[in-house]
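The numbers here are math on the coordinates, done by the rules we state, and not lab data. Bear in mind that the values here come from a model prediction, so they are computed numbers and not experimental data. All Cβ positions, glycine included, derive from the backbone under ideal geometry; neighbour counts span all protein chains shown.
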Amino acid sequence: MLKRNDPAYATWLTDNPNGFVLLERTFEIHRASCPSVRPRRSPERRPSNPGGGVSCSRGIAPLEYAQVQFEGAVHYCKRCKPEPDPVGVGMHFEYAAKMRAHPAEERARKATQSP
């Protein structure tokens, strides 16, 4: 999680123009190119919600999944209109269910896989 005044956030936006940002102040998902998520020069005056930061991802599905888990619904920016990825979100739910059902087996399987 980053803060909007963090230099690493500005770098991420520059390096990932086709990525996505979950703005925790509004609980909305934006395209990285959306003016609503531009970096700030100083911390927000009124930090809101837990942390008030941003979560960034190259794909939209991880942010949609996280938002459903935290908020119960997904909200998209009406300005930049990011496209939902229901297939990707479904894959995240399936993986999470597997991890809850067989966490030790999954960790063992991953440990034996070659990098």
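How many residues, within the stretch 10-24, are buried (at least 16 other Cβ atoms within 10 Å of the Cβ) and in a loop (DSSP other than H, G, I, E, B)?
2
Could you list all residues from the stretch 2-27 that are hydrophobic (A, V, I, L, M, F, W, C) and on the phi < 0 side of the Ramachandran plot?
Listed by number, the residues that qualify are L2, A8, A10, W12, L13, F20, V21, L22, L23.
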